[in-house]
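Here is the structure we will look at, set down as C-alpha cells.
The values are calculated or read from the model by the stated rules, or taken from the named source; none is laboratory data. Predicted, not measured: the structure shown is a model, and the values here were computed from it. Here Cβ is always computed from backbone atoms with ideal geometry, including for glycine, and neighbour counts include all displayed protein chains. With ligands, DNA and RNA removed, areas are computed over all heavy atoms of the protein, side chains included. Shrake-Rupley method; radii C 1.70, N 1.55, O 1.52, S 1.80 Å.
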Amino acid sequence: DQIGCDYCREVINGIIDGFKPLPEVLSHLKEVLNWHEFLGTLNYKDDKVVTCSCADIINYPGILELVKTLKDWGFQVHLGYTSGKAIRNEEMVNNLINLGLDEINFSVFSTNPQLRGYWMRDKSPGESLKALKLFCENIKVNVSTVVIPGVIDEEEIIRTCSSMEEWGVNTFILSRFVNLKQEGLIFNNSPILKDKQT
C-alpha cells in the first residue's frame, strides 16, 4: 500500500482476500501439471511458467520462494510484469537472478529518472532503472513504454530505445496512449489526463 500511484494502490487494495497464499498457488499448479503429465503434454525442459497477477508481480510476498520452487521443479520462469517500483535495492534483483529467473517484463516508461519518477509515481526511479539494467545484463528482458504526446515523444522514445539496446534488452513494446472510453481505455475508466491528446 506504499508503492506507486493511486491506481496501482487501488488495484492492490481491491484484492479483497489478498494474494493467494503460496501453498495454494503451488497446489493448483501441481494439479495442472499432473493433468498435463497424464495427457503426455508436459516437458519440463521446454516448458516455461509465466507468473502474473492483476498488479505488479514483484509485490507478491512469496515471489522468491515461488521462483525457487518453480526452478527446483525444472521450469523456465518468466515474471509476467513489474513496474520496478517495488525494487528498492540490488539485493532483490540479485536474489531473483541467483534463484534462476529466466525472463521478466518491465515497464521502463523512460530512462529519464525525472520523467519516470513523475509519470509513474516512482519514488526511487534511479533504483528501478539500476534494477532494470542489472536484469538486462543477466536474463531475458522485455520492456514497454506508453507513447504520450508531449511527454514520451519521438525524441524520448529514441533516447530510451538506445539505452535499452545498449543494456541488451530483448524486446521493446510501444503502447498507444488512450484517454477516452471510446478509444479502449483499460477498465473503462474516465479520461485520466486532462489536456492530453491521444
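Which one of these does Lys140 not meet: (1) more than 17 Å from Cys52 (Cα to Cα); (2) modelled with pLDDT of 95 or more?
Unmet for Lys140, out of (1) more than 17 Å from Cys52 (Cα to Cα); (2) modelled with pLDDT of 95 or more: (1).
If we scan segment 91-109, do we find a residue that is open to solvent by 20 Å² or more (accessible area, probe 1.4 Å), at pLDDT below 95, over 30 Å from Gly74 (Cα atoms) and of a type outside the set (S, T, N, Q)?
no
Which of the residues spanning segment 61-85 are in a loop (DSSP other than H, G, I, E, B) and surrounded by fewer than 20 Cβ atoms within 10 Å (Cβ to Cβ)?
As a first pass, look at segment 61-85 and keep what is in a loop (DSSP other than H, G, I, E, B): 61-62, 73-75, 83-85.
Residues satisfying the conditions are Pro61, Gly62, Trp73, Gly74.
Could you please tell me which pairs satisfy a Cβ distance under 8 Å, a separation of 6+ or placement on different chains, a first residue in segment 122-134 that is in a helix (DSSP H, G or I), and a second residue that is acidic (Asp, Glu)?
Partner pairs satisfying both residue conditions: Ser128/Asp122; Lys130/Glu90; Ala131/Glu90; Leu134/Glu90.
Quick check: anything in segment 154-162 open to solvent by 60 Å² or more (accessible area, probe 1.4 Å), touching a Pro at 6+ places or on another chain (Cβ under 7 Å), at pLDDT below 95 and farther than 28 Å from Glu91 by Cα?
Scanning segment 154-162, I find no residue that is open to solvent by 60 Å² or more (accessible area, probe 1.4 Å), touching a Pro at 6+ places or on another chain (Cβ under 7 Å), at pLDDT below 95 and farther than 28 Å from Glu91 by Cα, so the answer is no.
Consider segment 135-153. How many of its residues are touching a strand residue (DSSP E or B) at 6+ places or on another chain (Cβ under 7 Å), open to solvent by less than 70 Å² (accessible area, probe 1.4 Å) and either assigned to a helix (DSSP H, G or I) or under 12 Å from Asp102 (Cα atoms) (or both)? Steps first, answer last, please.
Of segment 135-153, the ones touching a strand residue (DSSP E or B) at 6+ places or on another chain (Cβ under 7 Å) are 135, 139-147, 152.
Pick out the ones that are also open to solvent by less than 70 Å² (accessible area, probe 1.4 Å) and you get 135, 139, 141-147, 152.
Add one more test, that the residue is either assigned to a helix (DSSP H, G or I) or under 12 Å from Asp102 (Cα atoms) (or both), and what stays is 135, 139, 141-142.
Residues that pass the stated criteria total 4.
Can you tell me which residues in segment 110-121 are at pLDDT 90 or above and in a helix (DSSP H, G or I)?
Passing the criteria: Pro113, Gln114, Leu115, Arg116, Gly117, Tyr118.
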